[in-house]
1. Over the range 38-179, what relative contact order in percent results from Cα pairs under 8 Å that are six or more residues apart?
2. Pull out a ≥ b ≥ c, the square roots of the eigenvalues of the alpha-carbon gyration tensor of the range 79-229, then state rounded if a/c is under 1.5, prolate if not and a/b is larger than b/c, and oblate in the remaining case.
3. Label LYS149 and ILE88 with points 7 Å out from Cα along Cα→Cβ: what is the distance between them in nm?
4. Take the Cβ-Cβ distance between GLU35 and ASP176 as r, set R0 to 51 Å, and report the resulting FRET efficiency rounded to the nearest 0.05.
5. For helix 134-144, what angle does its Cα long axis make with the longest principal axis of the chain, in degrees from 0 to 90 and rounded to 10?
6. Report the extension gain between VAL97 and LEU21 in nm, rounded to one decimal, defined as 0.36 nm multiplied by the number of residues separating them, less their alpha carbon distance.
7. Rounded, prolate or oblate: which fits the range 29-84, taking a ≥ b ≥ c as square roots of the Cα gyration tensor eigenvalues, rounded meaning a/c under 1.5, else prolate when a/b beats b/c?
8. At a Cα cut-off below 15 Å, give the aspartates and glutamates reachable from LYS204, other chains included and same-chain residues fewer than 8 away excluded.
Amino acid sequence: MSDIDEKQMILYAQMANLVSLILQWPDINLKEIAENFSKLACNAHTVCDGELRPLGTGLYPVISIINHSCLPNAVLVFEGRTAVVRAIQHIPIGSEVMISYIETAGNTMTRQKALIEQYFFNCACPRCVKMGQSDDVIESAILEGYRCKGEGCNGFMLRDSDDKGFICQKCGLLRDKEEVRQIANEIKTLSNKVENLAASDRQKAVHTYKEIEDLQMNLFHSHSINLMRTREAILKILMELCEWQEALAYCRLTVPAYESGSIKSKLLLCSEHQQNIF
């Protein structure tokens, strides 16, 4: 409990008090209940179906001792209630099997923040130790940065020293920050709108997501997390509508991003989608 911040400790204490109020046992140990909530938060796993949709929460003691890496060599999936750890690459004899506790499709700062908030540790995996180095800066710019508008250029952009915009590190083209801000605001407006459509009008939701996709293709790098997530949302709805051919086309659009290496551990998601399509 020593690594938990004050806000989280207060939450666990409130939950323990609620349990005490419901059970009304005379000798109930509030500290022990709070500690158990903390252990549950760190060690429980979300049980998903074949399409990685969450079904519930499970405690798997053996799985819980597997350590985390942002560059994992295995992935956790579920077959009904059975947890299965699958290798996603060759694991030499004597090597540690490692899975990712979090979404790996993010830059190092994003991943470290998620791990601290949920699991209370700083990661020192091969990806995280490169934080601030050239490879890490490039990965962050590709995953969460903007695309170059130069014809045929697939370079990544970094903010220029005068704060006028973003400069392509391949061709040197400057992209004005006001233009970036305007497109980002349009995306935000449509994103707020589409949240209420997915359940009520799936056809209209697909249309709105495609508008967002067009804007994101103009704004973000082709391997952007944001663009990938929009395409995954479109793919999911198309599958619900049984639009298999178009769903397959969108599944294939996500493959280059998965294969880029930065988010390779999410490749299983795409393969699961393709299995359902076929």
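None of the figures in this text is laboratory data; all of them are computed from the coordinates on show. Just so it is clear, the model here is predicted, and its values are computed rather than measured. Backbone-built Cβ (ideal geometry, glycine too); neighbour counts: all protein chains shown.
1. Once normalised by length, the contact order is 14 percent.
2. Oblate.
3. Inter-label distance under the simple model: 3.5 nm.
4. About 0.45, to the nearest 0.05.
5. That works out to roughly 90 degrees.
6. Gain on stretching VAL97 to LEU21: 23.1 nm.
7. Taking the square roots of the gyration eigenvalues as a ≥ b ≥ c, the range 29-84 is oblate.
8. GLU195, GLU213, GLU240, GLU243
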